[in-house]
Structure formats: C-alpha cells, structure tokens
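S.K.: Quick one: the structure is below, and I'll ask about it shortly.
The values are calculated or read from the model by the stated rules, or taken from the named source; none is laboratory data. The structure displayed is predicted, hence computed values, not measured ones. Glycine gets a Cβ as well: all are built from the backbone with ideal geometry, and neighbour counts include every protein chain shown. Note: areas computed on protein heavy atoms with side chains; ligands, DNA, RNA excluded. Shrake-Rupley method; radii C 1.70, N 1.55, O 1.52, S 1.80 Å.
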Amino acid sequence: MNTVSPRALLVRGMLAGLLAGVAAFLVSYLLGESKVDAAIAIEEAGEAAHDHAEAAPVSRALQATAGLGTGTLLYGLALGGIAALVFCFALGRIGRFGPRATAALVSGGLFVTVALVPFLKYPANPPAVGDPGTVVRRTTLYLLMIALSVLLASAALILGRRLAPRLGNWNASVVASLAFVAAVGLAYALLPGVNEVPEDFPATLIWQFRLASLAIQATVWTTFGLAFGFLAERAIAPAVTPKEAVQPTS
C-alpha cells in the first residue's frame, strides 16, 4: 500500500460526509417532513385553543428546504471528518481488513455507538412532544448516553484485542460484544428515563417519526461507509501501472 497522510483521508472523509448529508436530506425530506408537519399542526391547534399562537420567525417552507439542507450537510461534514480520523486509527489495528472493509466496519460501529444505542434509550420525538423547561436536561442525558456508548465500545474493543491471543479472534469478538451489550444494559438501567409524551398525542405519529429518524441515521452512515471506502481505497491502494506491454507469443 502507498503511504497517505491523515490530512488526505480527512479531506476524503469530509467529502464522503457531504455526500452522506445530501442523502440524509433526501430521506429527511421524503420521510420525515410530513411527520413534522403533522406534529406542528397538532401543536398549533393546541396553542390556538389557548390563544397562545405566535407567528414563526422562519417560514415552514424555508425550514423544510434550505434550513434542512444546511443542517444535514453540516452534520454530514462534521461526522465525515470525525469518522475519517477514526478510520486512520483503525486501519491495520482491527484485523487484516482493506480500506473498504475497514470503512464499513468503522461506519457500522459508529452507527451503533453514536446513533442506535442512544436512540434506544432516548428516542427522537416530533414537535409538540416534550416539556420546553426540560430541554437542557434531556439534551444532557442524550449526550451523556452517546459518551457512555463510545467509551463502552472502546473498552469492548480493548477487551477483544486482549482476549484474542487466548480465545481466538471469533470467540474474543463474541465475548467483547456480549460485554458491551451488558454494559449498555446497565447504563440503560441506571440513567433516568424521559417520558413526556402527551396522553392525547397520536402514538402512530410518534412511531413513524422515530422510524424516519432512525432511517436518516442509517442513510448517513451507509452512504458514508460506501463513499469513503471507495475514496480511501483509491488513495491508499497503489496505482496500477503496467511496467511492460504484453508481448504476443510466437
């Protein structure tokens, strides 16, 4: 393999992150915006009933297009850079995997630790769900769950590497995965829950919104893994340059 600087991989990671942001925007617009509109309609109906309706400073059309696109692109750009740095550390240290396989493993691992594990404890909620007075507490708990998930995943990787010489790679991976699941379950039990869904809010709408949110995260990390794996392989693998032309046999 050719030597390549982390900066070059970082640039490619951010480019792949932008592509992931574009894919996330499309999924968000197609799957999520209708759920947001329905939740906002419920919220506005409640505010109108109590004479507290206020005009939004930014139109809903702008929020659903330019605002959403800017947010998803910045989100993909930031995550792409972080994931590229994780890739630089992981390449060659988690087994004999090439750039594409390593990118897929990194993307899958980050999806689980950064998106799936926190989501299962503190799932996303649409507008009109949640007390505005507890937003700081809820945000803190969510970020804490992300931090714990990343730390526990890192500890599981270290455990798996140390057990591999004695148990073999497969058995060590199984033990480390089970330890990670057990530790996450303990964190779920110790951290306080959050349940601020109004009793009269449609359960189907919440379920659909949460599925759309998870689909957006899956789209981000799948797109990034595929795009970055391709870009990283082209940067790392040696270029194929035939040294001599094929001579016809006589």
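S.K.: What is the distance, in nm, between label points placed 7 Å from the Cα along the Cα-to-Cβ direction at ALA66 and at LEU30?
M.R.: Placing both labels 7 Å along Cα→Cβ, they lie 2.5 nm apart.
S.K.: Can you pull the percent of segment 121-250's accessible area that's carbon plus sulfur, 1.4 Å probe, other chains left in place?
M.R.: Ligands and nucleic acids excluded, carbon and sulfur reach 65 percent.
S.K.: Using a/c under 1.5 as the rounded threshold, could you call the chain rounded, prolate or oblate? The axes a ≥ b ≥ c are square roots of the C-alpha gyration tensor eigenvalues, and prolate needs a/b larger than b/c, oblate otherwise.
M.R.: Cα axes put the chain in the oblate bin.
S.K.: Per residue, how much space in cubic angstrom lies within the convex hull of the C-alpha atoms of segment 125-180?
M.R.: Enclosed volume per residue, from the Cα hull, is 78 Å³.
S.K.: So what's the back-of-envelope 222 nm ellipticity for the chain, counting only DSSP H runs of four-plus at -39500 (n - 2.57) apiece and dividing by all residues, rounded to 500?
M.R.: The helix contribution divided over the chain gives -23500 deg cm²/dmol.
S.K.: Please report, in whole Å³, the volume per residue of the convex hull around the C-alpha atoms of segment 150-217.
M.R.: Convex hull volume per residue, Cα atoms: 121 Å³.
S.K.: Say we join alpha carbon atoms closer than 10 Å with springs in a Gaussian network model of the chain; which of LEU110, LEU143, LEU19 then has the biggest fluctuation?
M.R.: Sorting by GNM fluctuation, first place goes to LEU143.
S.K.: Express the relative contact order of the chain as a whole percentage, based on alpha carbon pairs under 8 Å and six or more residues apart in sequence.
M.R.: For the chain, the relative contact order is 39 percent.
S.K.: Which of the DSSP-defined H helices in the chain satisfy a minimum axial length of 20 Å, computed from C-alpha atoms, and a minimum mean Kyte-Doolittle hydropathy of 1.6?
M.R.: For the chain, where a helix must reach 20 Å along its axis and average at least 1.6, the hits are 6-27, 68-90.
S.K.: Here is a follow-up. At a probe radius of 1.4 Å, what is the per-residue accessible area of ILE216, in Å² to the nearest 10?
M.R.: About 40 Å², ignoring ligands and nucleic acids.
S.K.: Turning to a different aspect of this structure: Can you give me the accessible area per residue for segment 158-213, using a 1.4 Å probe, in Å²?
M.R.: Using a 1.4 Å probe on heavy atoms only, each residue of segment 158-213 averages 70 Å².
S.K.: I would also like to ask the following. Tell me the volume per residue, in Å³, of the convex hull enclosing the alpha carbons of segment 97-231.
M.R.: Dividing the Cα hull volume of segment 97-231 by its residues yields 122 Å³.
S.K.: Only four residue types carry charge here, +1 at the Cβ of Lys and Arg and -1 at the Cβ of Asp and Glu. Report the dipole size of the chain about the Cα centre in Debye, rounded to the nearest 20.
M.R.: Roughly 1780 debye, rounded to the nearest 20.
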